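Participant: Structure incoming, see below.
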Amino acid sequence: MTTDNTIIKVSGLRKSFGSLDVLKGIDTEIKKGEVVVVIGPSGSGKSTFLRCLNRLEEPTDGIIEFDGVNITDKKVNINKHREKMGMVFQQFNLFNNHTILKNITLAPVKLGLMKKDEAEKNAMELLKRVGLEEKAKAYPSQLSGGQKQRVAIVRALAMNPEVMLFDEPTSALDPEMVGEVLEVMKELANSGMTMVVVTHEMGFAREVGTRVVFMDEGVIMEENSPEEFFANPQNPRLRDFLSKVLI
Amino acid sequence: MFNDLKEEFIFCFIEGDRWKWLVDGFFITLQITLYSVLLGIAIGVVVAIVRSTYDNNAGTIRNPVGKAVLKVLNAISKLYLTVIRGTPVVVQLMLMYYVILVSVDSKVLVASLAFGINSGAYVAEIVRSGIMSIDKGQFEAGRSLGLSYTQTMIKIIIPQAFKNVLPTLANEFIVLLKETSVSGYVALEDITKAGDLIRSRTYSAFMPLIAVAIIYLVLVVFFTKLVSILERRLRNSDH
């Protein structure tokens, strides 16, 4: 069993797509309040790892414990646990057929967590926090990429999650919009939210991360505090990777 | 010339109150079309969901019972599509009337079932193409929030799919409306049959058949207009 402040425990996680082994045995623990930043070259399995945490990808083998419950167990109702794990996607994935407000209130209302008026009040407060309250009645197609991603973060937050998963949240954004999204994420981290962030933003990893994880070829090659990680990389592959991305 | 037409018109439609045949036929046609459109949509959406659920998720469903049920449903759906799309609607209609539902009295009911079941096969493939046109991310976003497969389908995927395929669906319903003109094969007096009866009674073909053609045309134009209004409404979210 996990200790009190461990929120996610991953043991022996493997994932294969046909004959392609993407994850070859991941073991790690994520504690409450941690901001774990996962970096690595493309194809290293970092996104797959993140998507396995809420079983958007079905793990081939291994155990994922969330709040002390083995969510890879067949008998577990994964939907119940996903309510507590917010996810933010690279392509935002706002519901195109609903207004911004409805995007945010749809799940909490539909799942019976909140009444409609309560959910709308909560949504407006969250929108205000990211400076988008005047967009409540707009549709996703009327928003810029940065605005969409901020709404996507709010949509996940509206469920009052215990942990937030970010899958390359700034990779699809125009450069001038990256800042506004990172700013929201930074505030979120400062408020004590547990976060797992797959990203290429080294500045964010260094500044906001409490732990940085380097993945390559389907395994965790190195993990450390940001200071040690960037100043004193041990693994030759990590050194090679950092020399390419930190110019 | 104009007087001749007028005389023929009076002879064909006014004498013996034959215009009433057209009116009755008109309502029969509308009735069959309406019922079979509704039945077609119901069957089509269900079959489309079964087929796309099987295609997307057969590999990831872990409950063995659920997996087996889905497999059987998918096989039934495929058989249905093959048989219905592989045989003419007139033959299906006659089989329904003379073989399968011999004991049913209501011809309108029999015809609506036959046309509805026929249309369902085409609607199924249209809706399925709509479901496949929706980005996978929409589905994942729904599931990541804790919505179930069904909730995500109903609230997120189907509405967007429906909007995307609306022009094609409208096309299918226009085809269906006109296809009901073969109802006469089971002696159901729809508008086409009514026109034909007038022709056989008066030995005048031009007037009744042109009248029938114009009525279909007006119906289709009216229906097309309705669909374009609906399309404009749904486009709200596209700005």
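The values are calculated or read from the model by the stated rules, or taken from the named source; none is laboratory data. All of these numbers come straight from a predicted model, not from anything done at the bench. Cβ placement follows ideal geometry from the backbone for every residue including glycine, while neighbour counts extend to all protein chains displayed. All accessible areas refer to the heavy atoms of the entire protein, side chains included, with ligands and DNA or RNA removed. Shrake-Rupley method; radii C 1.70, N 1.55, O 1.52, S 1.80 Å.
Participant: At a 10 angstrom cut-off on C-beta neighbours, averaged per residue, how do the peptides A:198-205, B:92-99, B:203-210 rank from highest to lowest?
Facilitator: A:198-205, B:92-99, B:203-210
Participant: At the nearest 100 Å², what buried accessible area, both sides summed, do you get for B and A when the probe is 1.4 Å?
Facilitator: Buried area (both sides, nearest 100 Å²): 2400 Å².
Participant: Would you mind computing, in nm to one decimal, how far apart the modelled labels at residue A:73 and residue B:95 are, each placed 7 Å from Cα along Cα→Cβ?
Facilitator: 5.0 nm
Participant: With the other protein chains left in place, how much accessible area per residue, in square angstrom, belongs to chain B at a 1.4 angstrom probe?
Facilitator: Using a 1.4 Å probe on heavy atoms only, each residue of chain B averages 53 Å².
Participant: Looking only at B:201, B:18, B:51, which one moves most when chain B is put into a Gaussian network model with springs between Cα atoms under 10 Å?
Facilitator: Of the options given, B:201 has the highest mean-square fluctuation.
Participant: Let me ask you something else. What is the mean number of Cβ atoms from other protein chains located within 10 Å of the Cβ atom of each residue in peptide B:127-139, rounded to a whole number?
Facilitator: 2
Participant: I would also like to ask the following. Just to be sure I understand the interface: list residues from the stretch B:160-197 that lose 30 Å² or more of accessible area between the chain on its own and the complete protein assembly, 1.4 Å probe.
Facilitator: Hits at the 30 Å² cut-off: B:160.
Participant: Also, quick follow-up: Lysine pairs in the stretch B:124-239 with alpha-carbon atoms under 30 Å apart, 8 or more places apart or on different chains: how many are there?
Facilitator: Eligible lysine pairs with Cα atoms under 30 Å apart amount to 9.
Participant: Using alpha carbons only, how many degrees (0 to 90, rounded to 10) separate the axis of helix B:191-202 from the longest principal axis of chain B?
Facilitator: Roughly 20 degrees between the two axes.
Participant: With a 1.4 Å probe and every protein chain kept in, tell me what percent of the accessible surface of the stretch A:156-246 is carbon plus sulfur.
Facilitator: 46 percent
Participant: Let me ask something else about it. Counting each DSSP H run of 4 or more residues in chain B as -39500 (n - 2.57), what helix-only mean residue ellipticity at 222 nm follows after dividing by all residues, to the nearest 500 deg cm²/dmol?
Facilitator: Values: 10 runs with 180 residues, N = 239.
About -25500 deg cm²/dmol.
Participant: Can you give the local net charge around residue A:154? Use residues other than it whose beta-carbon is closer than 11 angstrom to its beta-carbon, Lys and Arg +1, Asp and Glu -1.
Facilitator: +4
Participant: Counting only other chains, what is the mean number of Cβ atoms within 10 angstrom of the Cβ of each residue in peptide A:87-98?
Facilitator: Mean shielding by partner chains, rounded to a whole number: 6.
Participant: Additional query: 7 Å from Cα along Cα→Cβ at both residue B:83 and residue B:185: what's the point-to-point distance in nm?
Facilitator: 1.7 nm
Participant: When N counts the residues of the stretch B:34-90, how does its alpha-carbon radius of gyration compare numerically with 2.2 N^0.38 Å, as a ratio?
Facilitator: Computed over Cα atoms of the stretch B:34-90, the ratio equals 1.31.
Participant: Give the accessible surface of chain A per residue, rounded to a whole number of Å², with probe radius 1.4 Å and ligands, DNA and RNA excluded.
Facilitator: 43 Å²
Participant: Heavy-atom accessible surface, probe 1.4 Å, ligands and DNA/RNA ignored: which residues of the stretch A:57-77 lose at least 10 Å² versus the isolated chain?
Facilitator: Buried on complex formation: A:58, A:72, A:74.
Participant: Taking every pair of Cα atoms in the stretch A:54-144, average 1/r, invert it to obtain the Kirkwood radius, and report Rg/Rh to two decimals.
Facilitator: Rg/Rh: 1.05.
Participant: Ok, one more. Which of A:169, A:41, A:140 ends up with the largest GNM mean-square fluctuation for chain A, with Cα atoms connected below 10 Å?
Facilitator: In this elastic network of chain A, the residue with the biggest mean-square fluctuation among A:169, A:41, A:140 is A:41.
Participant: Could you work out the local net charge near residue A:89, counting Lys and Arg as +1, Asp and Glu as -1, over the other residues with Cβ closer than 12 Å to its Cβ? All intermediate terms of the calculation are to be shown ahead of the outcome.
Facilitator: Numbers: positive: A:51, A:148, A:155, B:136, B:143; negative: A:167, A:168, B:135, B:140.
Taking every Cβ under 12 Å from that of residue A:89, the sum is +1.
Participant: Here's another thing I want to ask about it. For chain B, with a Gaussian network of springs between Cα atoms less than 10 Å apart, report the residue from B:217, B:145, B:177 with the top mean-square fluctuation.
Facilitator: B:145
Participant: Give me the aspartates and glutamates in straight-line cross-link reach of residue A:110: C-alpha distance below 14 Å, same-chain residues under 8 apart excluded.
Facilitator: Residue A:110 reaches A:83, A:118, A:120.
Participant: Then there is this: How well do other chains shield peptide B:146-153, expressed as the mean number of their Cβ atoms within 10 Å of each residue Cβ?
Facilitator: Rounded to a whole number, the mean comes out at 5.
Participant: With a sphere of radius 14 Å drawn around the Cβ of residue B:228, what net charge do the other residues whose Cβ falls strictly inside it have (Lys, Arg +1; Asp, Glu -1)?
Facilitator: Details: positive: B:163, B:225, B:232, B:233, B:235; negative: B:231.
For residues surrounding residue B:228, the net value is +4.
Participant: Can you give me the relative contact order of the stretch A:117-247 as a percent, contacts being Cα pairs under 8 Å and 6 or more apart?
Facilitator: Value for the stretch A:117-247: 17 percent.
Participant: Distance cut-off 32 Å, Cα to Cα: go down the list A:31/B:71; A:46/A:116; A:15/A:244; A:31/A:128 and report the pairs above it.
Facilitator: Those over the limit are A:31/B:71; A:46/A:116.
Participant: Expressed as a fraction of 2.2 N^0.38 Å, the rule-of-thumb size for a compact globular protein of N residues, what is the C-alpha radius of gyration of chain B?
Facilitator: Working it through for chain B, the quotient is 1.26.
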